[in-house]
Amino acid sequence: MLSVRSASKQYGKVRALNDVSFDLDDGRVLAVVGANGAGKSTLIKSIVGLMRFEGDVEVDGVDVRRRGKDARRHIGYLAQHPSFHLDMTVQETVRFFAQLRGAKADEAHGAVAAVGLEPHATKLVGALSGGMRQRLGLAVAQLGSPSVFALDEPGTGLDVSARLELRDFIRGQRSAGRSVLLSTHWLEDVPSTADDVLVLDQGRVVFHGPSTEFAMASTARSRLFLRLNGHTPDAIPLVANAARGEVTQTGEWISVTCLTSDKVRVLEALVEGGIGLLDFRVEEATASTAPPVTRERVPS
């Protein structure tokens with residue numbers, strides 16, 4: 001469905017993409033991972049035809065460089081930071097893009113409902129949160145029944161529940177026989193979401209293979225600190241099972257150490273168990289420095 005051959009991109013003296021090649025078949029999900037500046041967004045923008053590049057890209061047999069408009073009809077694209085007219089409502093925005101893609105009005109309504117924005121259909125885009133705008137971008141990407149989805153950091157701005165819904169969306173597209181190219185920095189999502197992984201480092205492919213091999217190669221560990229909404233006794237066995245580790249409790253907080261790739265399993269177990277998170281903190285282990293701490297707020 002998607003074929004990339006020797007894709008390269010130069011910015012002055014910087015080689016953003018360096019001879020990248022891969023194939024993405026029907027019904028497969030390929031996760032593109034790498035540090036900031038590795039070339040993930042450049043690769044996706046090249047595939048979508050939003051920038052000039054060297055090499056060859058074909059989408060469903062259509063050459064992106066020579067027939068960009070025709071190729072884009074087969075692609076559902078979500079930018080990392082989607083941009084819309086702030087003075088239009090959610091429904092007006094999706095209908096507008098539906099007209100551009102030749103989709104019917106009822107398809108626009110279905111796309112809004114599919115991403116959970118139906119209760120907000122009459123809201124102005126300018127009044128939406130960052131996560132809701134990301135959902136709106138996902139609704140627009142579905143229009144026209146594309147055969148390939150190119151999603152650039154689709155989890156940006158999403159809370160835990162919305163990220164789990166995103167994973168279900170990706171799985172649904174795979175089950176329907178569509179291909180998904182997914183750029184992400186959430187490594188813990190990769191084993192449960194993607195079939196294959198492409199790792200970029202300074203524009204070069206340093207790993208391309210099954211996600212199972214990528215997961216086995218990743219041994220980084222994280223320590224999770226979770227503050228719950230009064231259901232700590234019920235949560236401890238769920239967390240221990242999902243993290244495959246021992247859980248300790250200090251006041252309102254419980255903590256557990258797990259593989260970095262298992263972090264999302266812990267959060268998913270709590271959501272499925274009906275246990276809400278008030279707050280959580282993550283300490284990422286590194287080989288040579290003290291673990292940096294990041295805080296993420298979770299709606300109660």
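Quick look at the numbers
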{"read-out": "Every residue from segment 75-102 that is among the polar types (S, T, N, Q) and in a strand (DSSP E or B)", "value": "Thr89"}
{"read-out": "Selection status of Val90, among the β-branched types (Val, Ile, Thr) and exposed (fewer than 14 other Cβ atoms within 10 Å of the Cβ)", "value": "no"}
{"read-out": "Single unsatisfied condition, Gly116 versus (1) touching a residue at least 24 places away in the same chain (Cβ under 8 Å); (2) in a helix (DSSP H, G or I)", "value": "(2)"}
{"read-out": "All strands (runs of 3 or more DSSP E) inside segment 159-265 with 2 or more residues being within 30 Å of His74 (Cβ to Cβ) and within 20 Å of the chain's Cα centre (by Cα)", "value": "179-183, 196-201, 204-210"}
{"read-out": "Meets criteria (out of contact with any Asp or Glu (no Cβ under 6 Å at 6 or more places or on another chain), buried (at least 22 other Cβ atoms within 10 Å of the Cβ) and in contact (Cβ under 8 Å) with a residue 40 or more places away in the chain) for Ile44", "value": "no"}
{"read-out": "Hits in segment 269-278 (condition: at pLDDT below 85 and within 21 Å of the chain's Cα centre (by Cα))", "value": "none"}
{"read-out": "Subset of segment 129-143 [surrounded by fewer than 19 Cβ atoms within 10 Å (Cβ to Cβ) and over 14 Å from the mean Cα position of the chain (by Cα)]", "value": "Ser129, Gly130"}
{"read-out": "Members of segment 144-165 found to be over 19 Å from Leu2 (Cα atoms) and touching a Gly at 6+ places or on another chain (Cβ under 9 Å), listed by number", "value": "Pro154, Thr156, Gly157, Leu158, Asp159, Ala162, Arg163, Glu165"}
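Table: residues versus (1) of a type in the set (A, V, I, L, M, F, W, C); (2) closer than 12 Å to Leu228 by Cα; (3) modelled with pLDDT of 75 or more; (4) not assigned by TED's automatic domain parsing to the domain that holds Leu187.
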| position | (1), (2), (3), (4) |
| --- | --- |
| Glu246 | no, no, yes, yes |
| Ser255 | no, yes, yes, yes |
| Cys258 | yes, no, yes, yes |
| Arg265 | no, no, yes, yes |
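The values are calculated or read from the model by the stated rules, or taken from the named source; none is laboratory data. Owing to the predicted nature of the structure, the values given are computational and were not obtained by experimental measurement. In this analysis, Cβ positions are derived from the backbone assuming ideal geometry, glycine residues included, and neighbour counts consider all displayed protein chains.
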